[in-house]
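First comes the structure, then the notes that go with it.
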Amino acid sequence: MNLQIRDPRARELARRLAEKRNVSMTEAVIEALESELERHSKQTPLAVRLAAVSGDLKSKAGSGGRTLSKDKVDEMWGHS
């Protein structure tokens with residue numbers, strides 16, 4: 001089965017990549033897709049990244065803290 005690129009921008013990007021790598025457009029598209037799939041599979045999920053940030057902030061905050069009233073929160077946000 002042939003891969004047909006009908007979108008002019010996609011075709012131009014594939015052509016430029018093929019030219020830079022000195023390969024056919026088909027090979028350039030295959031390599032680009034493989035590279036993107038590999039990059040995506042190594043990516044840390046958002047939930048894990050957010051949990052790490054949350055844990056870091058909790059450790060910096062330490063114990064204690066203070067209780068804020070709704071009025072104080074509104075004041076901090078400029079809603080007084």
Dipole-positive endmost among ASN22, VAL48, LEU37 within segment 1-60 (Cβ charges, Cα centre): VAL48
Computed magnitude of the charge dipole of the chain (debye, nearest 20; Cβ of K, R +1, Cβ of D, E -1): 140 debye
Cα-projected label distance for THR26 with ASP7, points at 7 Å along beta-carbon direction, nm: 2.1 nm
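Rounded to the nearest 500 deg cm²/dmol, what is the calculated helix-only ellipticity per residue at 222 nm for the chain, with -39500 (n - 2.57) per DSSP H run of length n ≥ 4? Provide the component values of the computation, followed by the final result.
Details: 4 runs with 54 residues, N = 80.
Using -39500 (n - 2.57) per qualifying helix, the result is -21500 deg cm²/dmol.
What's the extension gain from TRP77 to HIS40 if we count 0.36 nm per residue and subtract their Cα-Cα distance? Mind dumping the intermediate values first?
Values: separation 37, 0.36 × 37 = 13.32 nm, distance 3.75 nm.
Contour length minus the Cα-Cα distance gives 9.6 nm.
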Derived scalar couplings ³J(HN,Hα) [segment 45-60; Karplus, 6.51 cos²θ - 1.76 cosθ + 1.60; whole Hz; x for Gly, Pro]: x, 4, 4, 5, 5, 5, 4, 5, 5, 4, x, 5, 5, 5, 5, 6
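Could you grab the Rg to Rh ratio for the chain? Cα atoms only, Kirkwood for Rh. Please report the intermediate quantities before stating the final value.
Values: Rg = 25.0 Å, Rh = 17.8 Å.
Rg divided by Rh gives 1.40.
Every read-out reported here was derived from the displayed coordinates using simple, explicitly stated rules and does not represent laboratory data. What you see is a predicted model, and the numbers here were worked out from it, not measured in a lab. Methodologically, a virtual Cβ is constructed for each residue, glycine included, from the backbone with ideal geometry; neighbour enumeration extends over all protein chains shown.
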